[in-house]
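Read the figures in this text as sums done on the coordinates, not as results from a lab. In this text the structure is predicted, and so the values were computed from the model without any measurement. Cβ sites come from the backbone with ideal geometry, for glycine too, and all protein chains shown count toward neighbours.
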């Protein structure tokens with residue numbers, strides 16, 4: 001995919017002549033909204049990207065649920081309004097204008113105690129000509145909830161602007177404290193109109209062709225898991241996420257559906273796309289295998305090897321052999337053992353013989369481009385040319 005966005009100052013950490021920190025890795029992207037931006041950030045750092053949108057956003061102007069919720073809200077006084085996201089709040093106000101109730105909504109919110117979850121929500125509130133009474137530096141729903149409960153919400157009517165996913169604990173706590181809560185479902189998600197790209201992404205994960213997968217919303221994570229289950233690949237997909245694929249979520253809420261199933265998820269300190277990419281850049285290279293071979297530095301990345309910093313793409317079967325050889329550098333692995341590696345890689349219990357091993361070793365040597373890195377030990381097998389210490 002092609003980067004569509006201008007280069008921001010914080011993004012210019014990879015020059016045209018450098019091997020990017022994500023070069024040699026394939027990253028899956030499940031996002032729908034702002035997917036082009038995320039793909040551009042990843043590709044600028046050298047990653048190959050497989051995009052499988054997991055959800056589809058219901059257009060606000062066509063969202064009958066949002067219109068119904070807004071109409072219900074305007075049917076009575078609004079004592080407190082909670083803005084959780086900037087884009088969601090702006091979209092709600094714009095949709096209300098389109099429905100002809102913009103002025104009524106603005107008047108209702110102007111008389112309410114408006115609380116903004118973070119700086120983007122606060123900016124959207126102010127852009128609408130309103131003033132927030134509280135906005136926590138932590139940008140955490142928990143701190144917003146604590147503030148409201150401290151103020152007291154018993155008998156008050158509270159509007160909670162959602163953004164793509166419900167906030168059941170937040171809403172339940174307010175209702176438990178005596179508030180009447182009106183949930184405003186801005187930007188609802190549904191499944192993708194075309195499931196083909198997502199199914200291909202799942203297949204690529206199962207085939208070992210994806211090294212990391214990113215999630216930017218909890219509904220997207222749930223949709224991917226549901227799709228894998230529908231394809232009868234749920235257990236195998238979860239095994240891959242738990243054991244082999246680096247899973248990166250934009251925040252703890254996004255990670256929730258995965259964490260509950262025992263999938264380790266790495267999250268940045270701040271729930272931002274740029275922070276997500278920086279977290280991936282920090283964690284992914286640490287997973288590489290590095291070994292000194294014949295006086296050269298060999299680094300094994302997801303789908304490639306670096307030889308003294310020079311990126312060498314390696315096909316999946318030869319890469320499987322290289323990983324086996326690098327597990328115990330310098331040790332001779334018999335052809336029969338390497339045939340077993342190829343069988344496990346291909347999923348075939350037969351039809352992989354020693355001739356197939358020789359062919360894969362030849363392809364590996366050609367891909368590395370440096371003679372002598374993979375040595376033949378006559379009548380025994382193959383080894384990396386590591387000098388014993």
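The mean sequence separation of alpha-carbon pairs under 8 Å and at least six residues apart, normalised by the residue count of the chain, gives a relative contact order of 14 percent. Relative to the longest principal axis of the Cα atoms of the chain, helix 234-243 runs at roughly 70 degrees. For the range 114-236, just say rounded, prolate or oblate: build the C-alpha gyration tensor, square-root its eigenvalues into a ≥ b ≥ c, call rounded for a/c under 1.5, and beyond that prolate if a/b exceeds b/c, oblate if not. Because a/c hits 1.5 or more and a/b exceeds b/c, the range 114-236 counts as prolate.
Of the peptides 252-265, 35-48, 208-221, 98-111, the order by per-residue mean of other Cβ atoms within 10 Å, starting with the highest, comes out as 208-221, 35-48, 252-265, 98-111.
Over the range 289-384, what is the mean sequence separation of C-alpha contacts under 8 Å (at least six apart), divided by residue count, expressed as relative contact order in percent?
28 percent
Note on residue 207 and residue 315: the extension gain reaches 37.6 nm, defined as 0.36 nm multiplied by sequence separation minus the Cα-Cα distance.
Among beta bridges from DSSP that stay inside the range 60-187, the antiparallel ones total about 0%.
From most to least packed by mean Cβ count within 10 Å, the peptides 131-137, 144-150 give 144-150, 131-137. For the chain, the longest principal axis of the C-alpha atoms and the axis of helix 273-283 are separated by about 30°. Here the range 22-46 is scanned for amide nitrogen atoms under 19 Å from the site 7 Å beyond the Cα of residue 231 along Cα-to-Cβ, giving 26-32. For Cα extents along the principal axes in Å, several values are listed as (1) 79, 41, 37; (2) 70, 46, 41; (3) 86, 44, 36; flag the one computed from this structure. Answer label, from the structure shown: (3). Were the residues from residue 297 through residue 380 laid out at 0.36 nm apart, the gain over their Cα-Cα distance would be 27.4 nm.
Between the Cα long axis of helix 316-327 and the first principal axis of the chain there is an angle of about 80°, rounded to the nearest 10. The stretch between residue 253 and residue 111, if pulled fully straight at 0.36 nm per residue, gains 48.0 nm over its current Cα-Cα span. With the simple spin-label model, which puts each label point 7 Å out from Cα in the Cβ direction, the residue 286 to residue 242 separation comes to 2.3 nm. So if R0 is 56 Å, what FRET efficiency would residue 146 and residue 370 give, r being the distance between their Cβ atoms, rounded to the nearest 0.05? About 0.40, to the nearest 0.05.
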